[in-house]
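Notes to accompany the following structure.
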Amino acid sequence: MIERQPGITFADFIAWEQEQEARHELIGGQIVAFAGGSLDHSGISSNIVAKLRATVEPPCQAFNSDAILETATRSAANGFRADAVVSCSPENVGTALFVRTPLLVVEVLSPSNAGRKWDEKLFEYWNTLSIAQLVLVDSRTRATSSFARDAKGIWQAAITLEGMGTVEFAPIGSAMSLDQIYAATSLAN
């Protein structure tokens, strides 16, 4: 973790990050090293990104954790790397350095994303109005929690799956079974 840098803006972070060898996130105005996950974490993320990319059509695009996503809440000092994100903003093309107006965010849970910083990240996701669905996928057991907004923009109770079932990605009209999510990992059936 890098020391808190007073007054660092999202734009400052994006410019700084382009010159770094390692990847980072900006959480609550603090630059934090982006921790890698297990091979299962990587496999799960890859499975989800592949499905999302196969589903969406322009202007929508699916991105992996290489892309920084901008949250649009009151703090505006955050740049996250979600395991998968879909945005339908026409601004997310070519040489853009970050993803604007995320629509669907998927985070694969592991020991590295827990604690106060993780709570701050979730708070930002919940308060970014463009996010219609947030899906949390466990990398150590076959379990998911999906949170979606209703037509009035209110978050609904989580739909939790354990063992079997299908996660609906309603904002893009797609779905994935837990068998598909966990394919080619130690949690595959």
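The values are calculated or read from the model by the stated rules, or taken from the named source; none is laboratory data. Fair warning: this is a prediction, and the values are worked out from it, not measured in the lab. Here the Cβ positions follow ideal geometry from the backbone for every residue, glycine too, while neighbour counts run over all protein chains shown. Just so you know, the surface numbers come from the protein's heavy atoms only, side chains and all, with ligands and any DNA or RNA stripped out. Shrake-Rupley method; radii C 1.70, N 1.55, O 1.52, S 1.80 Å.
Pairing residues of segment 166-180 that are surrounded by 14 or more Cβ atoms within 10 Å (Cβ to Cβ) with residues that are modelled with pLDDT under 95, at Cβ distances under 9 Å and at least 6 apart in sequence or on separate chains, gives 178/189; 179/189. Only a single criterion out of (1) buried (at least 16 other Cβ atoms within 10 Å of the Cβ); (2) assigned to a loop (DSSP other than H, G, I, E, B) is not satisfied by residue 186, namely (1).
Count, please, the residues in segment 15-71 that happen to be hydrophobic (A, V, I, L, M, F, W, C), touching a residue at least 12 places away in the same chain (Cβ under 8 Å) and farther than 25 Å from residue 167 by Cβ.
The initial filter retains those residues of segment 15-71 that are hydrophobic (A, V, I, L, M, F, W, C), namely 15-16, 22, 26-27, 31-35, 39, 44, 48-50, 52, 54, 56, 60, 62-63, 67-69.
Restricting the remaining residues to those that are touching a residue at least 12 places away in the same chain (Cβ under 8 Å) gives 16, 22, 26-27, 31-35, 39, 44, 48-49, 52, 56, 60, 62-63, 67-69.
After this cut, where a residue has to be farther than 25 Å from residue 167 by Cβ as well, the list is 16, 22, 26-27, 31-33.
Number satisfying all stated conditions: 7.
The set of residues from segment 51-74 being out of contact with any Phe, Trp or Tyr (no Cβ under 9 Å at 6 or more places or on another chain), of a type in the set (Gly, Ala, Ser) and either surrounded by 15 or more Cβ atoms within 10 Å (Cβ to Cβ) or within 24 Å of residue 18 (Cα to Cα) (or both) comprises 62, 72. Within segment 127-146, being open to solvent by 40 Å² or more (accessible area, probe 1.4 Å) and closer than 24 Å to residue 42 by Cα holds for 140, 141. For segment 40-50, a tally of residues being open to solvent by 30 Å² or more (accessible area, probe 1.4 Å) and within 27 Å of residue 28 (Cβ to Cβ) returns 1.
Suppose the filter is closer than 30 Å to residue 184 by Cα, at pLDDT below 95 and open to solvent by 10 Å² or more (accessible area, probe 1.4 Å); does residue 37 pass it? Answer is yes for this residue. Step by step: first the residues of segment 104-126, then only those that are under 17 Å from residue 49 (Cβ atoms) and in contact with a Gly (Cβ under 8 Å, 6 or more places away or on another chain), then the one that is surrounded by the fewest Cβ atoms within 10 Å (Cβ to Cβ). Which residue is that? Among them, the one singled out is 110. Screening 101, 95 for residues that are at pLDDT 90 or above, of a type in the set (Val, Ile, Thr), surrounded by fewer than 19 Cβ atoms within 10 Å (Cβ to Cβ) and farther than 17 Å from residue 32 by Cα leaves exactly one candidate, 101.
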